[in-house]
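In what follows, a single structure is set out as structure tokens and then discussed.
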Amino acid sequence: MAIDTDQIINSYYKGLGDKTPLGIASPLLGSDWSDPYSSWPASLQAEYQYNIGEARKLMNEAGYPNGFDTEIYASAQDDINLAQIMKNMLLSIGVNANITVADPVTAGTVSRGNKYTQTVLGAGGGMGAGPSDGITTFWSGKFERTGGVEDPAYDAFVDQFFAATTEADCQKIFKAASRYAIEQHYTLQLGTTKTPQAIQPWVKGWRGENFWGWPQWAYYQRMWIDSSLKK
């Protein structure tokens, strides 16, 4: 509630993004798998809307009327300007977030080992990944789990998912896991941005999808070169 995603998207990203929060799956997976913001109850939607007054009220109720100190851990390759924007917004509710910037190798080791103390910048979920990858986003058994989450209730969803024998059951469990993760506020959602892709006209079987973090062989095996177009 203390993060103004409208300001981030419209001012920082110049409108090239979407402030709509996401669960563990991209809407690109379709309605059978995704749990879109529009389907959430109004009370849950409100928890993800900018409301500084309500944010301060929650801080008081939690026993932190004067705020507290925390950390935003980042790699030198991350968007440090975005971290500074987060820091400034959190200060409005008394949260002083010290930004720690490490070299990429060290930051990768710390992030993958979940050795950061509080918040790690760029620890997105399984957005865009397939269902079997997306559902393990917050699974405690995953080597590099987002946010270092260890929640037996979420782990139970993962166990149920991989034990399911029908696609319909998998979809039902996946949606329930996504909704649970949203209700627990495992991550600070800052909106999503658009990444332009340049495509040579003679490359076929690929339409510019961003496959960062995906099994790249799944794309490479269906790509081919139209030699009649390549001069």
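Before moving on, here are some points about what is shown:
- Hits in the range 109-123 (condition: at pLDDT below 75 and crowded, with 17+ Cβ neighbours inside 10 Å): N114, A123
- Just one of the numbered conditions (1) farther than 21 Å from Y12 by Cβ; (2) in contact with a Pro (Cβ under 8 Å, 6 or more places away or on another chain) is not true of P41: (2).
To keep it simple, each residue is scored yes or no on (1) farther than 29 Å from V110 by Cβ; (2) polar (S, T, N, Q); (3) assigned to a helix (DSSP H, G or I); (4) at pLDDT below 80.
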residue: W139; (1), (2), (3), (4): no, no, no, no
residue: T165; (1), (2), (3), (4): yes, yes, no, no
residue: C170; (1), (2), (3), (4): yes, no, yes, no
residue: T187; (1), (2), (3), (4): no, yes, no, no
residue: P201; (1), (2), (3), (4): yes, no, no, no
residue: N210; (1), (2), (3), (4): no, yes, no, yes
residue: K231; (1), (2), (3), (4): yes, no, no, yes
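- Only one entry in A163, A177 is surrounded by fewer than 17 Cβ atoms within 10 Å (Cβ to Cβ) and in the same structural domain as N114 (by TED's automatic domain parsing), namely A163.
- Residues located in the range 144-157, provided they are buried (at least 20 other Cβ atoms within 10 Å of the Cβ) and at pLDDT 95 or above: Y154, F157
- Screening the candidates A74, A46 for the property of being of a type in the set (G, A, S), surrounded by 14 or more Cβ atoms within 10 Å (Cβ to Cβ) and either part of a helix (DSSP H, G or I) or touching a residue at least 24 places away in the same chain (Cβ under 8 Å) (or both) yields one hit, A74.
- Selection status of I99, of a type in the set (V, I, T), within 22 Å of the chain's Cα centre (by Cα) and in a helix (DSSP H, G or I): no
The values are calculated or read from the model by the stated rules, or taken from the named source; none is laboratory data. These numbers were taken from a predicted model, which means no experiment stands behind them. Reconstructed Cβ throughout: ideal geometry from the backbone, glycine too, with neighbour counts over all protein chains shown.
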